[in-house]
């Protein structure tokens, strides 16, 4: 972050107030750095216009890997011990598809959990600068960055939107 920029946290009492401020902030030259919410909020999510999550791709990848792992494990085991039953083929497709399906479910769950952890950048061992304990209770926070000379304008913007303001020293910490 350049030295001539300032980060201001707007602390809102309502979800709609924070969402309206986010909508209006996107029309300004200021940058939205973070948003804190005590609840999952579709209103704020829509205002931020976030891209679609990539966790589903981790789940799909895990499922595909799981299917082939299960199928190949069953095929390898059958060919290794050559258990011939009533003249049927050693690598029978139908029973091995069942094993592949079960591994698909198992590995898809693993992929989903790994995707969630990696995309949420977990674990976080310290709180970010500017975090207020009220964001876990009843307040919504919007952190925006502006040039140092526009600090008063951004503070006025948040106050006109109905928020308390707080200057954050180092939001990247």
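Entry remark, the range 155-173: residues being out of contact with any helix residue (DSSP H, G or I) (no Cβ under 6 Å at 6 or more places or on another chain) and either exposed (fewer than 11 other Cβ atoms within 10 Å of the Cβ) or assigned to a strand (DSSP E or B) (or both) number 9 in total. I'd like to check something: does the range 33-41 contain any residue that is within 23 Å of the chain's Cα centre (by Cα), free of Cβ contacts under 8 Å to residues at least 12 places away in the same chain and exposed (fewer than 14 other Cβ atoms within 10 Å of the Cβ)? Within the range 33-41 (the criterion being within 23 Å of the chain's Cα centre (by Cα), free of Cβ contacts under 8 Å to residues at least 12 places away in the same chain and exposed (fewer than 14 other Cβ atoms within 10 Å of the Cβ)), the answer is yes, since at least one residue qualifies. Checked against (1) in contact with a helix residue (DSSP H, G or I) (Cβ under 7 Å, 6 or more places away or on another chain); (2) assigned to a helix (DSSP H, G or I); (3) in the same structural domain as residue 151 (by TED's automatic domain parsing), residue 75 passes all but a single condition, namely (3).
Of the residues 93, 114, 83, 122, the single one that is surrounded by 14 or more Cβ atoms within 10 Å (Cβ to Cβ) and either out of contact with any strand residue (DSSP E or B) (no Cβ under 6 Å at 6 or more places or on another chain) or modelled with pLDDT under 90 (or both) is 114.
Every condition in (1) within 20 Å of residue 39 (Cα to Cα); (2) surrounded by fewer than 19 Cβ atoms within 10 Å (Cβ to Cβ) is met by residue 152 except one, and the failing one is (1).
Have a look at 110, 96, 101, 135 and point out the one that is part of a helix (DSSP H, G or I) and either in the same structural domain as residue 37 (by TED's automatic domain parsing) or under 30 Å from residue 167 (Cβ atoms) (or both).
Result: 135 is the single residue among 110, 96, 101, 135 that is part of a helix (DSSP H, G or I) and either in the same structural domain as residue 37 (by TED's automatic domain parsing) or under 30 Å from residue 167 (Cβ atoms) (or both).
Set side by side, the residues 43, 31 differ, and just one is within 21 Å of residue 165 (Cα to Cα) and touching a helix residue (DSSP H, G or I) at 6+ places or on another chain (Cβ under 9 Å), which is 31.
The values are calculated or read from the model by the stated rules, or taken from the named source; none is laboratory data. No experiment lies behind these values; they were computed from the predicted model shown. As a convention, Cβ positions derive from the backbone with ideal geometry for all residues, glycine included, and neighbour counts pool all protein chains shown.
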